[in-house]
Amino acid sequence: GRKMTLEEIREEIDQIDQQMKALFLKRMDCARRVAETKARTGGDVYVAEREAAMVKRRTSDIADEELKENYRDFLTHTICISRKHQYGILTKMQDETVRALLAEAGLEEGAGKEAVRVSLRCREEDLHRYMDMAALNHVSVKEMAAKETEEGMAAELLLKGNVRQEGMRRLLCQLAKESGTFKVLSLEDVS
């Protein structure tokens, strides 16, 4: 058959994107229903082993290694967006988590500061995921200091935003739930 023109290929991509949009919206609806169930049962949003097994299972039949890696990245990012959506629905979990983080640090939520300094320990690949989560929640990282230790990465981040902002609350909850040693260190002014 004849070769497709660039315009025809772009039209096909537009059709595929429309199909993907419908599936994405359906997936987010499922994520909402999962969050509503977890709100009742108290289950965790992030279960690392389950997620890793799911990604491995769904990519195992792709022979081309580069495409397999690209699809793994696509799935991982989609799952991250799904978790962000779930944490946004779980406002009670958010409130309890943020309250506990601030209490542990001896801080008041009412302080009118516009940045939150946090620390965490994680694997290097998780640090990349946490940066992605910050971006997805529209929270910018003003400073980052990270060093490799025997237990993985030790990082300190200055996140721009107030602890009362929705994206910041969702991010703090997500980091606290998904990183083993997450702490809020201080609330600060941004120069």
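The values are calculated or read from the model by the stated rules, or taken from the named source; none is laboratory data. Keep in mind that what you see is a predicted model, and the values were worked out from it rather than measured. Because the Cβ atoms are built from the backbone with ideal geometry, glycine has one as well, and the counts that use them run over all protein chains shown. Just so you know, the surface numbers come from the protein's heavy atoms only, side chains and all, with ligands and any DNA or RNA stripped out. Shrake-Rupley method; radii C 1.70, N 1.55, O 1.52, S 1.80 Å.
Assorted remarks:
- Residue match in region 25-35 (condition: open to solvent by 80 Å² or more (accessible area, probe 1.4 Å), more than 24 Å from T91 (Cβ to Cβ) and of a type in the set (A, V, I, L, M, F, W, C)): no
- Residues being closer than 20 Å to E49 by Cα, among the charged types (D, E, K, R) and open to solvent by less than 60 Å² (accessible area, probe 1.4 Å) - total across region 70-95: 2
- I81 being out of contact with any Asp or Glu (no Cβ under 9 Å at 6 or more places or on another chain) and within 26 Å of K26 (Cβ to Cβ): yes
- Enumeration of residues in region 141-191 that are closer than 17 Å to R129 by Cβ, assigned to a strand (DSSP E or B) and open to solvent by less than 60 Å² (accessible area, probe 1.4 Å): V141, A146, G152, M153, A154, A155, L157, L159
- Pair list, Cβ < 7 Å and 6+ apart or interchain, from region 158-172 residues that are over 14 Å from E109 (Cβ atoms) and in contact (Cβ under 8 Å) with a residue 24 or more places away in the chain to residues that are of a type in the set (G, A, S) and surrounded by fewer than 18 Cβ atoms within 10 Å (Cβ to Cβ): K160/S140
- Considering K56, K84, the condition of being in a helix (DSSP H, G or I) and without any contact (Cβ under 8 Å) to a residue 12 or more places away in the chain is satisfied by K56 alone.
- Residue, least open to solvent (accessible area, probe 1.4 Å), within region 1-24, restricted to residues that are among the basic types (K, R) and farther than 18 Å from H77 by Cα: R10
- Looking across region 36-69, just one residue is open to solvent by 60 Å² or more (accessible area, probe 1.4 Å), β-branched (V, I, T) and within 16 Å of Q174 (Cβ to Cβ), and that is V47.
- Residue in region 96-104 that is part of a strand (DSSP E or B), buried (at least 19 other Cβ atoms within 10 Å of the Cβ) and touching a residue at least 24 places away in the same chain (Cβ under 8 Å) present: no
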